[in-house]
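One structure is given here, and the rest of the page talks about it.
The values are calculated or read from the model by the stated rules, or taken from the named source; none is laboratory data. Quick caveat, the model's predicted, so the values are computed rather than measured. Positions of Cβ are generated from backbone atoms using ideal geometry, with glycine treated the same way; all protein chains shown enter the neighbour counts. Side chains are part of the model used for accessible areas, which takes the heavy atoms of the whole protein and leaves out ligands, DNA and RNA. Shrake-Rupley method; radii C 1.70, N 1.55, O 1.52, S 1.80 Å.
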Amino acid sequence: GIQVEQSPPDLILQEGANSTLRCNFSDSVNNLQWFHQNPWGQLINLFYIPSGTKQNGRLSATTVATERYSLLYISSSQTTDSGVYFCAVGSDRGSTLGRLYFGRGTQLTVWP
Amino acid sequence: DAGVIQSPRHEVTEMGQEVTLRCKPISGHNSLFWYRQTMMRGLELLIYFNNNVPIDDSGMPEDRFSAKMPNASFSTLKIQPSEPRDSAVYFCASSLTGTYGYTFGSGTRLTVV
């Protein structure tokens, strides 16, 4: 399968700070998604971004598929941003068709 | 749309009992996925369906696990007999195809004692 590495594993911020989360993957992909798992366990899809850049409010993401990485930017962080951020990737080739492979996540804690 | 609906939200059962988890995907989505989340292994894909047909069940841990999708609006994941090591949060997700954004349900927290 496709290996997904996320960094950093843990991140602690004060409210208002900016942060960058990174996702590296081991193979070419045509599907990349970022998710936020809130403290109640719910997984929310933030971005579907196999390539290029997208923005949604204080969050933005960039994927450079040719270099096999993606970045998630959080600006002016708020306590409600706390939780685990997952990167997941997939491809349409062979045995990996249709599957999403998840990284282990970045645990973000934002203090007031 | 009500999103992906899973039931029950919590299940506590005794070892050896049968457990059935249920999922209703978003209307119109044609791919459905069952994931399991544990601290040790993270999020693991158990099985996924495309147009109600199981495509890849290589993640199903063993024969005690089975999944069905009798129609486009309903799927079940069954564990028989259950064991303590099956304790985890089980998520169902759906998407329009296998390559677009997933929508996850709220999960079922299973505890086998």
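Return the residue satisfying two criteria in turn: it lies in the range B:1-50 and is small (Gly, Ala, Ser), in a strand (DSSP E or B) and within 14 Å of chain A (Cβ to nearest Cβ), and of such residues it is nearest to A:Gly41 (Cα to Cα). The selected residue is B:Gly42.
Within the range B:85-110, the set of residues being of a type outside the set (Asp, Glu) and either away from every other protein chain (no Cβ under 14 Å) or not in a strand (DSSP E or B) (or both) comprises B:Arg85, B:Ser87, B:Leu96, B:Thr97, B:Gly98, B:Thr99, B:Tyr100, B:Gly101, B:Tyr102, B:Gly105, B:Ser106, B:Gly107. Scanning the range A:1-57 for residues that are open to solvent by less than 30 Å² (accessible area, probe 1.4 Å), farther than 22 Å from A:Ser91 by Cβ and hydrophobic (A, V, I, L, M, F, W, C) turns up just one, A:Leu13.
Selection of first residues in the range B:31-55 that are over 11 Å from B:Ala88 (Cα atoms) and of a type in the set (Val, Ile, Thr) and of second residues that are assigned to a strand (DSSP E or B) and open to solvent by less than 30 Å² (accessible area, probe 1.4 Å), restricted to Cβ pairs under 7 Å at least 6 apart or on distinct chains, gives the following pairs, ordered by first then second residue: B:Ile47/B:Trp34; B:Ile47/B:Asp56; B:Ile47/B:Ala67; B:Ile55/B:Tyr48; B:Ile55/B:Phe49. Checked against (1) in contact with a strand residue (DSSP E or B) (Cβ under 7 Å, 6 or more places away or on another chain); (2) loosely packed, with under 14 Cβ neighbours inside 10 Å, B:Leu43 passes all but a single condition, namely (2). Note on the range B:51-84: among residues that are assigned to a strand (DSSP E or B) and modelled with pLDDT under 90, the one that is least open to solvent (accessible area, probe 1.4 Å) is B:Asp56. Screening the range A:1-79 for strands (runs of 3 or more DSSP E) wholly inside it with 2 or more residues that are among the hydrophobic types (A, V, I, L, M, F, W, C), under 14 Å from A:Gly105 (Cβ atoms) and touching a His at 6+ places or on another chain (Cβ under 9 Å) returns the ranges A:43-48.
When A:Ser77, A:Ser82 are screened for being away from chain B (no Cβ under 11 Å), surrounded by 14 or more Cβ atoms within 10 Å (Cβ to Cβ) and farther than 30 Å from B:Leu46 by Cα, only A:Ser77 passes. Taking first residues from the range A:18-47 that are of a type in the set (Asp, Glu) and partners that are in a strand (DSSP E or B) and open to solvent by less than 50 Å² (accessible area, probe 1.4 Å), the Cβ contacts under 9 Å between residues at least 6 apart in sequence or on separate chains come to A:Asp27/A:Val89; A:Asp27/A:Ser91.
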